[in-house]
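Let me begin by presenting the structure, written as structure tokens, before commenting on it.
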Amino acid sequence: MVHCFNSTILAEEIAKRVATYQNGSPTTGIGPPTSGTRALAEFWRDALGGEWRCTEAGTPGTWIQIRPPPVTADPSTRAIPTGYLIWSVTDGAVKRQAGADW
């Protein structure tokens, strides 16, 4: 049996997941939370759909990216953490933020 998938459809389904809510509103930040007291194994989804897990409790905790967001274009110049991963559904590549620009 051969399993095939359409990466565009998969990306659209993943993108339907909403960002983590804080104080009743979805986060607008890209990357893990940078404030607040966080618990070990806490889950976080940022504004692009990148997913994070807290590996060390604290303020704001230590985080690891567990899923890159599916994107059709490189993110804009909003504040994007160095090392942030994205998944380009256009060419299937996973890219890592190296600094100020993509």
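In what sequence, highest mean first, do 60-70, 88-98 appear when ranked by Cβ atoms within 10 angstrom?
60-70, 88-98
Just grab the label-to-label distance for Asp91 and Asp74, each label 7 Å out from Cα along the Cβ direction, in nm (one decimal).
Result for the modelled spin labels: 1.0 nm.
In nm, to one decimal, how far is the Ala57 label point from the Ala39 one, both placed 7 Å along Cα→Cβ?
0.8
We did not get these values from a lab; they are worked out from the coordinates using the rules stated. Since the model is a prediction, treat every value here as computed from it, not as a measurement. Cβ atoms come from the backbone with ideal geometry, glycine included; neighbour counts cover every protein chain shown.
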